[in-house]
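**Q** Sharing a structure with you now.
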Amino acid sequence: MNDFLWGGATASYQCEGGWQEGGRVESMWDVYLHENHLENGDVASDHYHRFREDIRMMKEGGQNSYRFSLAWPRIIKNREGEVNQEGVDFYNRLIDACLEYGITPMVTIFHWDLPQYLEEKGGWLNRDTCVAYTHYAKVCFDRFGDRVKLWATFNEPRYYTNSGYLIGNYPPGHQDIQETVTASYYMMLASAMAVEVFRTGGYDGQIGIVHSFSPVYTTDTSVESAIARRFADNFYNNWILDTAAIGEIPGDLLGELKKTCDLSMMTPEDLAVIRQNRVDYLGLNYYARVMVKPYESGETTLIVNNQGKKAKGTSQTIIKGWFEQVRPESSRYTEWDTEIFPEGLYEGIRQVWNKYHLPIYITENGIGLYEDTSVKRVEDDDRIEFMDMHIAAVLKAKEGGCDVRGYYAWSPFDLYSWKNGTEKRYGLVAIDYENGLERRPKKSYYWYKDVIETDGKHITGK
Ligand code: BG6
């Protein structure tokens with residue numbers, strides 16, 4: 001396990017703060033949250049100022065890798081593509097701090113904070129954003145590629161486009177199937193375009209994509225359920241994984257979409273770029289599986305619980321004509337309706353490995369909890385139990401021959417959980433938002449350190 005990466009993962013908007021500092025321009029999230037008077041990431045965990053302390057704590061917690069994202073609005077000033085040197089300097093300091101502490105940086109180029117100047121021109125509905133993204137990615141490879149050897153083009157394009165264009169709970173807050181398809185397609189095209197730049201530029205290292213992975217289960221083994229499963233797998237996974245790893249958008253998915261959507265943006269030239277520029281590895285963010293049954297009735301419905309205990313049990317997914325999500329009664333759920341199902345991670349890794357035969361990183365895994373952080377040490381036994389079961393699943397898959405190369409806890413310290421605000425905590429280190437953002441390791445921080453230092457010897461899987 002010598003070269004296995006054990007780390008924690010964050011995203012720029014969720015932890016940095018410093019939203020008006022260092023020449024950073026506005027992102028679509030700043031505008032959306034400010035305009036709607038919602039809890040925002042203006043300060044977040046103040047990682048922008050405290051990254052050294054955070055990275056030092058990762059090191060002291062035994063971690064040997066840090067997955068973080070770069071904020072496009074810090075690096076590229078405007079639609080003309082001008083580079084903001086102050087933003088580059090900030091990430092140089094952050095990357096250097098990682099190396100100083102012996103921490104391997106794994107860098108996500110885009111984790112949802114699109115510059116507002118691009119959103120105003122249509123954002124991911126406009127092919128120009130793919131071109132702008134490719135320029136931005138090249139700037140990142142040029143400026144940081146001497147030290148960063150592990151890149152991810154995108155974090156969770158599926159979750160981002162579903163939330164922003166279908167559910168409408170994330171910016172730009174639309175509910176439109178055509179837009180969902182267009183934005184998803186352009187993100188996958190942009191990913192392939194960045195891979196092309198990476199390959200032709202001869203940069204050293206590996207480039208992959210990070211996917212919100214939901215292995216699909218069915219309630220029975222009927223033919224109808226198998227069909228529902230295929231629909232759901234296309235919806236949740238294949239659209240991203242097949243496209244990135246094989247270079248092909250699933251043909252049956254395109255056939256279905258053609259019935260109601262305009263796919264003329266998928267030009268033969270761009271499809272060739274997708275086909276020719278596949279990723280080196282797959283990053284899987286695993287929170288839960290999805291169980292489905294054949295579609296019976298009702299309009300397409302997607303309800304996500306962003307309110308925790310106030311809305312417990314309200315989550316629902318129906319994709320008209322395709323499938324309906326089932327929530328197994330006997331399972332345990334978090335206050336935000338996420339099923340706790342570690343077996344899904346084991347099965348899922350096996351499925352992905354057998355299908356694509358690419359190296360796998362578990363780029364996010366963790367549990368959101370309500371926690372009282374005014375105490376000296378948060379005794380987060382629920383998180384420890386959750387991580388234990390999930391790390392056991394990862395190790396079992398690895399021992400079974402799957403090429404899993406790393407595990408990243410979401411998150412190394414508390415951060416802003418998008419529409420759930422800061423009350424939904426994921427960190428191994430507590431951040432006292434009320435008292436000067438003081439950092440205090442939770443029980444899980446020390447537990448994870450022991451896991452890493454003993455190569456998982458004390459993992460129980462229970
Ligand atoms: C993933 C994202 O979807 O899950 C993170 O990559 C996100 O950005 C994490 O924070 C947990 O989800 P949530 O909605 O509970 O914050």
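The values are calculated or read from the model by the stated rules, or taken from the named source; none is laboratory data. Since this is a predicted model, take the numbers as computed values, not measurements. Ideal geometry is used to build each Cβ from the backbone, glycine not excepted, and the neighbour counts take in all protein chains shown. In case anyone asks, the SASA skips ligands and DNA or RNA and just uses the protein heavy atoms, side chains included. Shrake-Rupley method; radii C 1.70, N 1.55, O 1.52, S 1.80 Å.
**Q** Which is farthest toward the positive dipole end of the range 201-301 among THR218, LEU257, GLY298, measuring Cα position about the Cα centre, with Cβ charges +1 (Lys, Arg) and -1 (Asp, Glu)?
**A** Checked the options; the winner is THR218.
**Q** Between HIS135 and ASN435, what FRET efficiency follows from the Cβ-Cβ distance if R0 is 51 Å, with the result rounded to 0.05? Before the final figure, lay out the partial values.
**A** On the way: r = 42 Å, r/R0 = 0.82.
The pair HIS135/ASN435 has a calculated efficiency of 0.75.
**Q** Quick one: what Rg and Dmax do you get for the range 205-249 from the alpha carbons, in Å?
**A** 12.8, 45
**Q** Starting from 0.36 nm per residue, how many nanometres of slack lie between ASP382 and THR200 once their C-alpha separation is accounted for?
**A** Fully extending the segment from ASP382 to THR200 adds 60.9 nm.
**Q** Separate question: If you average 1/r over all unlike Cα pairs in the range 120-207 and invert the result, what Kirkwood radius do you get in angstrom?
**A** Across the range 120-207, the inverse of the average 1/r is 13.6 Å.
**Q** Suppose every K and R has +1 on its Cβ and every D and E has -1 on its Cβ; what is the size of the dipole of the range 205-327 about the Cα centre, in Debye to the nearest 20?
**A** Dipole size: approximately 620 debye.
**Q** Over the alpha carbons of the range 323-411, what is the largest minus smallest coordinate on each principal axis, giving the biggest first in Å?
**A** 46, 35, 16
**Q** Next question, about the same structure. To the nearest 20 Debye, how big is the dipole of the range 314-462 about its Cα centre, given +1 on the beta carbon of each Lys and Arg and -1 on that of each Asp and Glu?
**A** 400
**Q** Here is a further query. Given just the C-alpha atoms of the chain, how large is their convex hull per residue in cubic angstrom?
**A** Per-residue hull volume (Cα only) is 137 Å³.
**Q** May I pose another question? What does the accessible area of THR104 come to, in Å² to the nearest 10, when a probe of 1.4 Å is used?
**A** Roll a 1.4 Å probe over it and THR104 shows about 50 Å².
**Q** Roughly speaking, what is the stretch gain from GLU423 to LYS121, that is 0.36 nm per residue apart minus the C-alpha to C-alpha distance, in nm to one decimal?
**A** 105.4 nm
**Q** Another question about this same structure. Sorted by accessible area with a 1.4 angstrom probe, largest first, how do ASP142, ASP337 fall?
**A** Numbers: ASP142 80, ASP337 10 Å².
Largest to smallest exposure gives the sequence ASP142, ASP337.
**Q** Using a cut-off of 15 Å between beta-carbons, work out the net charge of the residues near LYS320 (Lys and Arg +1, Asp and Glu -1, LYS320 not included).
**A** Details: positive: LYS259, LYS293; negative: ASP176, GLU256, GLU296, GLU299, GLU324.
That works out to -3.
**Q** While we're on this one: Using only protein heavy atoms and a 1.4 Å probe, report how much of LYS138 is accessible, in Å² to the nearest 10.
**A** About 90 Å², rounded to the nearest 10.
**Q** While we're looking at this one, here's another question. Treat each spin label as a single point 7 Å out from the Cα along the C-beta direction, and report the GLN178 to SER330 distance in nm.
**A** It is 4.6 nm.
**Q** Using only alpha carbon positions, build the gyration tensor of the range 165-278, then give the equivalent ellipsoid semi-axes as the square roots of 5 times its eigenvalues, largest first, whole angstrom.
**A** 26, 18, 15
**Q** What does the charge count near LYS149 come to, summing +1 for each Lys or Arg and -1 for each Asp or Glu among other residues with Cβ under 15 Å from its Cβ? Write out the running numbers ahead of the final one.
**A** Numbers: positive: ARG67, ARG143, ARG147, ARG199, ARG405; negative: ASP3, ASP96, ASP142, ASP146, ASP204, ASP280.
My count for the surroundings of LYS149 gives -1.
**Q** Here is a further query. Using the Kirkwood radius over Cα pairs, work out the Stokes-Einstein diffusion coefficient for the range 226-365 at 37 °C and 0.692 mPa s, in µm²/s as a whole number.
**A** 194
**Q** Can you list the residues of the range 431-445 with backbone N under 16 Å from a point 7 Å past the Cα of HIS458, pointing along Cα to Cβ?
**A** Correct set: 442-445.
**Q** Specify, per residue and in Å³, the volume enclosed by the convex hull of the alpha carbon atoms belonging to the range 356-404.
**A** 85
**Q** Which residues' amide hydrogens lie under 5 Å from the amide hydrogen of ILE76, considering only partners 5 or more residues apart or on another chain, with H built in the peptide plane?
**A** Those lying under 5 Å, H to H, from ILE76 are ASN84.
**Q** Another one. Do me a favour and compute the ellipsoid semi-axes for the range 1-119 from its Cα gyration tensor, root of five times each eigenvalue, largest one first, whole Å.
**A** Gyration-tensor ellipsoid for the range 1-119: 27, 15, 12 Å.
**Q** Here is a follow-up. Considering all alpha-carbon pairs of the range 7-70, what whole percent are spaced by more than 15 angstrom?
**A** On the way: 1103 of 2016 pairs.
Of the Cα pairs, 55 percent sit more than 15 Å apart.
**Q** Continuing with this model, one more query. Please report, in debye to the nearest 20, how large the charge dipole of the chain is about its Cα centre when each Lys and Arg carries +1 at its beta carbon and each Asp and Glu carries -1 there.
**A** Using only the charged Cβ atoms, the result is roughly 740 debye.
**Q** On a 1.4 Å probe surface of the protein chains, which of ARG439, ARG50 comes out largest in accessible area, and what is the full order?
**A** The ranking, largest first, comes out as ARG50, ARG439.
**Q** Dipole of the range 315-396 (Lys/Arg Cβ +1, Asp/Glu Cβ -1, origin at the Cα centre): which of LEU369, TRP353, PHE323 lies farthest to the positive side?
**A** Toward the positive end, the furthest listed residue is TRP353.
**Q** Please work out the average accessible area per residue across the chain, using the 1.4 Å probe convention, and give it in Å².
**A** Values: 17460 Å² over 462 residues.
That works out to 38 Å² per residue.
**Q** Please give the net charge around PHE235, taking every other residue with its beta carbon less than 13 angstrom from that of PHE235, where Lys and Arg add +1 and Asp and Glu add -1.
**A** Computed value for this residue: -1.
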